[in-house]
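Q: Got a structure for you, written out below as structure tokens; questions coming shortly.
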Ligand code: FAD
């Protein structure tokens with residue numbers, strides 16, 4: 001008999017199990033690796049395996065959002081952070097680890113908790129009853145993905161998730177770009193959402209600029225597909241931009257870079273007081289409710305990251321663009337969490353099931369572990385019969401959680417790393433001092449929250 005069943009012994013599942021079992025709760029942790037099953041990316045049967053890089057990214061908690069998340073997780077006795085500290089290898093200001101040592105540390109710590117049982121088994125259906133945390137990651141076994149799909153009404157949860165880059169709003173040059181909707185259409189819907197009818201940021205291109213950009217796309221170095229990715233279909237409507245560009249030089253001008261109906265006021269003349277249509281346009285759409293992050297519409301890509309930065313900074317208005325996330329393409333299983341989950345990560349249609357880790361639509365080792373940690377705390381609260389108070393949205397944990405459980409736009413929901421664009425903005429603080437201000441505010445607020453919640 002156990003209090004909580006955790007499915008998936010990856011980063012999120014191990015962290016959630018730690019948070020629960022060390023509070024005296026009985027936990028069953030089901031992990032398919034070790035039972036003869038393995039995802040195409042995992043190489044070992046160790047818990048909390050790092051499938052690709054060995055880095056938890058920046059450990060700078062004064063000017064970096066993921067470093068801040070490290071700080072907050074440490075404050076909440078994170079197992080992943082403790083094991084990473086022991087397994088740390090030199091990597092400048094990044095927190096990188098010896099991956100085998102790291103997983104061995106996680107396993108040893110969990111093995112030391114007598115009320116935790118690790119069972120090597122694959123779970124194929126969502127349990128009908130009993131508090132459950134599903135933390136099966138981006139490569140959730142197909143049988144369980146099918147069961148989740150049936151419970152959520154989603155046809156298929158596994159697809160090539162083609163991601164478009166996201167740009168910080170304050171790095172876009174609005175002396176070059178401008179706000180407008182095509183033909184001023186959709187104004188009514190925009191007003192209803194609190195907009196002013198000019199919902200897109202538009203970056204104009206001349207013919208020369210467009211042709212150079214097209215050539216750059218064709219020549220750019222692309223990430224190759226992994227063998228096991230070869231049979232997974234493209235998600236509907238997510239054709240990579242370079243694949244589209246390869247169909248002809250004009251294809252993009254009739255697709256995502258269509259300029260019609262977009263008068264550029266920066267190009268206004270006496271004859272054309274409203275401005276002219278550019279030869280081609282790159283449009284950006286608001287990606288979060290705060291309006292700090294903007295998604296490059298139709299720009300999903302498998303160009304290499306350095307190539308994306310180089311090429312996309314040739315777009316007029318984006319010369320100094322800073323990217324909250326770059327584009328990418330890989331198989332991914334994740335839920336439309338803003339629609340399907342409540343504020344406590346529970347499936348609205350079956351609240352005994354909670355989700356954690358990358359399957360909720362966060363992206364990255366640290367973020368997945370952090371959402372595992374939070375799911376563990378929420379479940380402990382639920383079992384204790386106490387009210388759950390979420391960490392404030394001014395903290396990295398709170399900002400990530402708010403994004404996943406409601407603040408992100410559900411229609412364009414895509415996996416997201418933690419970044420300052422998810423935090424309530426500090427407009428009054430000068431840009432140079434802003435990162436320090438975000439981290440200072442977060443640290444104070446986390447500490448107050450932790451004390452009030454008696455964690
Ligand atoms: P996982 O760590 O994958 O854990 C899920 C666990 O559930 C696995 O152990 C799996 O075996 C188990 N499982 C699955 N289905 C079942 C089932 N039905 N029953 C029982 N057990 C099951 N992030 C980074 O920060 N850096 C990177 O370099 C990086 N590279 C990545 C490369 C690839 C190919 C992929 C797919 C993702 C990568 N990520 C990376 C993203 C993400 O951070 C990792 O996938 C991370 O491990 C997610 O943590 P998780 O706990 O949600 O899932």
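Q: Where residues in the stretch 77-98 are within 12 Å of the ligand (Cβ to nearest atom) and surrounded by fewer than 21 Cβ atoms within 10 Å (Cβ to Cβ), which of them is nearest to residue 33 (Cα to Cα)?
A: Step by step, filter the stretch 77-98, then rank; the result is 96.
Q: Does residue 376 satisfy being farther than 14 Å from residue 137 by Cβ and either within 13 Å of the ligand (Cβ to nearest atom) or within 19 Å of the chain's Cα centre (by Cα) (or both)?
A: Yes; evaluated as a whole, the condition is true for this residue.
Q: Considering each of 339, 394, 314 in turn, give the residue that is outside any strand (DSSP E or B), away from the ligand (no atom under 16 Å from the Cβ) and either in contact with a strand residue (DSSP E or B) (Cβ under 9 Å, 6 or more places away or on another chain) or under 25 Å from residue 64 (Cα atoms) (or both).
A: The unique qualifying residue is 394.
Q: Ok, one more. Within the stretch 327-344, how many residues turn out to be buried (at least 20 other Cβ atoms within 10 Å of the Cβ), farther than 18 Å from residue 144 by Cα and touching a helix residue (DSSP H, G or I) at 6+ places or on another chain (Cβ under 7 Å)?
A: Residues that pass the stated criteria total 1.
Q: State all residues of the stretch 32-76 that are in contact (Cβ under 8 Å) with a residue 60 or more places away in the chain, outside any helix (DSSP H, G or I) and away from the ligand (no atom under 13 Å from the Cβ); if no residue qualifies, say none.
A: Result: 61, 62, 63, 64, 76.
Any read-out appearing in this document is the output of simple, stated calculations on the displayed coordinates, not a laboratory observation. All figures in this text were calculated on a predicted structure; none of them were measured in a lab. All Cβ positions, even for glycine, are placed from backbone atoms using ideal geometry, and neighbour counts span all protein chains on display.
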